[in-house]
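Notes follow the structure.
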Amino acid sequence: RAGYGGVTTPQLLTTPIFYVNAAPHLGHVYSALLADVQHRYSALCGRGSRLSTGTDEHGIKVQQAAAALGWDPLDFCTLVSQQFRTMFDTMAISYTDFVRTTDSRHVQAVCHFWKKLEENGYIYKGTYQGWYCTADEAFLSEEQTRESTDAEGQKVRVSLESGHQVHWMSEENYMFRLSQLRPKLLDWLQTEPIHPSPFLRIVQQWLEEELPDLSVSRQSNRVSWGIPVPSDSSHTVYVWLDALINYLSVAGYPDLNFAPWGPSTHLLGKDILRFHAIYWPAFLLAADLPPPKKLLVHSHWICNGIKMSKSLQNVVDPTECIKKYTRDGLRYFLLRHGSPERDCDFTHDTVRKLLNSELADALGGLLNRCTAPTINPGQCWPYYQCKSVPPAARNELQRLLATFKELPNLVDRYMNGFKANKALEAIDSSVRASNAFFQSQTPWKLFKGGEEDKAWAQSVLYITLESLRLCATLLQPAVPGLAKTILDRLAVPPIYRTLTGNHFFAATSGEKCCFQGQSLGSECGLLYPRLKADT
Ligand code: ME8
């Protein structure tokens with residue numbers, strides 16, 4: 001077990017747990033995918049990590065969605081939770097744990113945590129009066145709301161941040177002494193745990209003001225679908241307190257002797273920043289537990305300027321996208337075009353253009369160049385001969401080798417900085433550099449020349465195959481299927497598909513390269529067929 005018997009605790013990386021009030025959409029897939037690519041990259045570098053995901057199943061939204069269908073809430077949750085699991089399996093999300101908030105281990109964790117907060121004096125009974133946004137399951141101050149008109153022209157109040165309608169609420173609740181934790185939260189922010197930095201600044205601004213105490217229960221006659229407050233079943237635990245504790249229940253809480261809490265990294269969308277950057281560390285600190293190590297925050301996919309969301313009915317269906325673009329096509333697009341720092345519009349035209357340019361033409365072209373039987377009739381890794389480099393090609397070769405020498409470091413910096421989009425951009429540039437080198441050296445002509453030309457043509461082919469091996473190795477976290485196709489075609493043995501102790505371009509510096517003279521794998525056809533305009 002983690003942290004037990006001298007075994008290093010694997011890093012715990014989490015996705016948000018997803019509301020089951022409707023089926024998964026592209027935004028959810030993006031959240032899970034960003035976590036997946038980080039998790040797969042850690043494995044590629046030889047670092048163990050755990051990736052947990054799951055479903056958030058309690059609360060009024062789910063209660064209402066089940067009631068609207070006349071379903072038993074748990075049956076409804078089981079059905080939709082399974083849809084998320086299936087979607088994540090289809091998208092090759094490599095989660096190691098899946099939490100449901102209706103799991104008994106989770107319910108036990110919530111009850112234990114609640115008692116701890118009570119014991120530590122952080123819970124008291126009070127009256128909550130204010131605005132409540134059911135769509136966001138959030139309590140809002142007057143300043144966080146504004147007037148608006150609904151579809152029928154009625155005057156309503158909505159949340160400033162999400163635009164969802166809010167209702168006035170006044171009831172006796174259990175309150176959490178959030179106000180007392182502001183100094184400790186400010187200390188935690190000093191460790192700069194929130195990335196990218198614009199989100200850290202937002203939280204710093206929020207904390208410039210006093211924090212009001214937070215209502216952490218709802219009366220059971222209003223919200224019955226949830227976990228009863230341990231000492232008072234006339235109240236239900238607030239769904240966000242319940243949901244956030246999933247990160248602890250997956251780590252084995254309350255049995256933390258076996259799985260110590262942390263260092264944990266939570267990945268989340270910017271709409272749920274307040275819950276993760278204020279409430280969650282405050283809850284942990286109040287329960288004598290360390291706050292999260294890192295929060296990785298991402299922006300949204302939008303449609304015509306509006307956030308894609310099920311309540312706005314403007315969602316893109318991932319299943320349709322997989323049919324059109326394949327799983328790896330969709331993964332590549334979301335990771336390459338999406339950016340944690342800014343919202344991105346999803347249009348089929350953009351997807352088609354990007355995938356045609358980068359997967360079909362550039363990457364597929366590079367594979368074809370060095371493996372097509374016309375250029376590589378022996379279907380093998382040729383020998384690299386250092387002496388064969390013609391003087392006119394030396395500078396270009398040096399530049400190319402420098403690009404590829406730097407590429408793993410660049411990708412590492414981007415991945416550690418939560419910038420998978422930049423990492424993919426760097427790989428794409430290197431693919432293009434390798435294609436350009438191949439084109440300018442014209443090996444297909446050199447093969448028809450004398451011995452020296454032929455030797456250089458072999459070396460050009462070797463360099464192209466080796467650059468493709470490095471790109472495919474680095475692409476594994478983003479597009480595991482396509483990367484495998486390439487590495488299989490190049491017949492790269494498993495130990496040479498990782499980044500640990502792998503000597504890329506060894507032969508060009510006179511070292512032994514174990515692939516030289518080896519046969520390629522069997523033909524794989526087109527790597528990524530070009531998409532037509534109407535797809
Ligand atoms: O908030 N673009 O669940 P959720 C990108 N249950 N990401 C999006 C998106 C979009 N258009 N729409 C949603 C919840 N997401 C809570 C979490 S965690 C203890 C509890 C992302 O199903 C969103 O930002 O509404 C969030 O990260 C995730 O999907 C889950 O959203």
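Report yes if some residue within region 116-137 is assigned to a helix (DSSP H, G or I), within 15 Å of the ligand (Cβ to nearest atom) and at pLDDT 95 or above; otherwise report no. Taking every residue of region 116-137 in turn, none turns out to be assigned to a helix (DSSP H, G or I), within 15 Å of the ligand (Cβ to nearest atom) and at pLDDT 95 or above.
Tell me whether region 267-285 contains one or more residues that are among the hydrophobic types (A, V, I, L, M, F, W, C), closer than 24 Å to S52 by Cα, in contact with a helix residue (DSSP H, G or I) (Cβ under 6 Å, 6 or more places away or on another chain) and more than 16 Å from the ligand (Cβ to nearest atom). Yes, that holds for at least one residue. For region 301-363, the helices (runs of 4 or more DSSP H) that sit wholly inside it and include 3 or more residues that are surrounded by fewer than 17 Cβ atoms within 10 Å (Cβ to Cβ) are 318-325, 348-355. Of the residues examined, Y414 is one that is modelled with pLDDT of 95 or more and aromatic (F, W, Y).
Residues in region 453-469 that are in contact with a Pro (Cβ under 7 Å, 6 or more places away or on another chain) and either crowded, with 24+ Cβ neighbours inside 10 Å or in contact (Cβ under 8 Å) with a residue 60 or more places away in the chain (or both): W456, Q458, V460, L461, Y462. Within 15 Å of R342 (Cα to Cα) and surrounded by fewer than 18 Cβ atoms within 10 Å (Cβ to Cβ), is that true of G269? For G269, the condition - within 15 Å of R342 (Cα to Cα) and surrounded by fewer than 18 Cβ atoms within 10 Å (Cβ to Cβ) - is not met.
Hey, could you check region 286-325 for residues that are free of Cβ contacts under 8 Å to residues at least 12 places away in the same chain and either in contact with a Pro (Cβ under 8 Å, 6 or more places away or on another chain) or over 19 Å from C344 (Cβ atoms) (or both) and say which is farthest from the ligand (Cβ to nearest atom)?
Looking at the filtered set, the residue picked out is K323.
A quick yes/no check of all residues on (1) more than 25 Å from E209 (Cα to Cα); (2) in contact with an Asp or Glu (Cβ under 8 Å, 6 or more places away or on another chain):
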position: Y128; (1), (2): no, yes
position: F139; (1), (2): no, no
position: E143; (1), (2): no, no
position: S148; (1), (2): yes, no
position: S162; (1), (2): no, yes
position: W168; (1), (2): no, no
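Residue-by-condition table, conditions (1) without any contact (Cβ under 8 Å) to a residue 60 or more places away in the chain; (2) part of a strand (DSSP E or B); (3) in contact with a Phe, Trp or Tyr (Cβ under 7 Å, 6 or more places away or on another chain); (4) closer than 27 Å to I227 by Cα:
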site: G27; (1), (2), (3), (4): no, no, yes, no
site: A32; (1), (2), (3), (4): no, no, yes, yes
site: A35; (1), (2), (3), (4): no, no, no, no
site: Q38; (1), (2), (3), (4): no, no, no, no
site: Y41; (1), (2), (3), (4): no, no, no, no
site: S81; (1), (2), (3), (4): no, no, no, yes
site: R85; (1), (2), (3), (4): yes, no, yes, yes
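With respect to I245, determine if the residue is farther than 25 Å from S141 by Cβ, at pLDDT 95 or above, within 16 Å of the ligand (Cβ to nearest atom) and of a type in the set (V, I, T). Considered against the rule, which asks whether it is farther than 25 Å from S141 by Cβ, at pLDDT 95 or above, within 16 Å of the ligand (Cβ to nearest atom) and of a type in the set (V, I, T), I245 comes out as no. Flag set for G46, criterion: surrounded by fewer than 20 Cβ atoms within 10 Å (Cβ to Cβ), assigned to a loop (DSSP other than H, G, I, E, B) and touching a residue at least 12 places away in the same chain (Cβ under 8 Å).
Looking across region 497-515, the residues that are touching a Phe, Trp or Tyr at 6+ places or on another chain (Cβ under 8 Å) and buried (at least 16 other Cβ atoms within 10 Å of the Cβ) come down to F504, F505, A507, T508, C513, F515. For S430, work out the one condition from (1) more than 18 Å from A507 (Cα to Cα); (2) free of Cβ contacts under 8 Å to residues at least 12 places away in the same chain it doesn't fulfil. That leaves (2) as the condition not met.
The values are calculated or read from the model by the stated rules, or taken from the named source; none is laboratory data. These numbers come from a predicted model, not from an experiment. All Cβ positions, glycine included, derive from the backbone under ideal geometry; neighbour counts span all protein chains shown.
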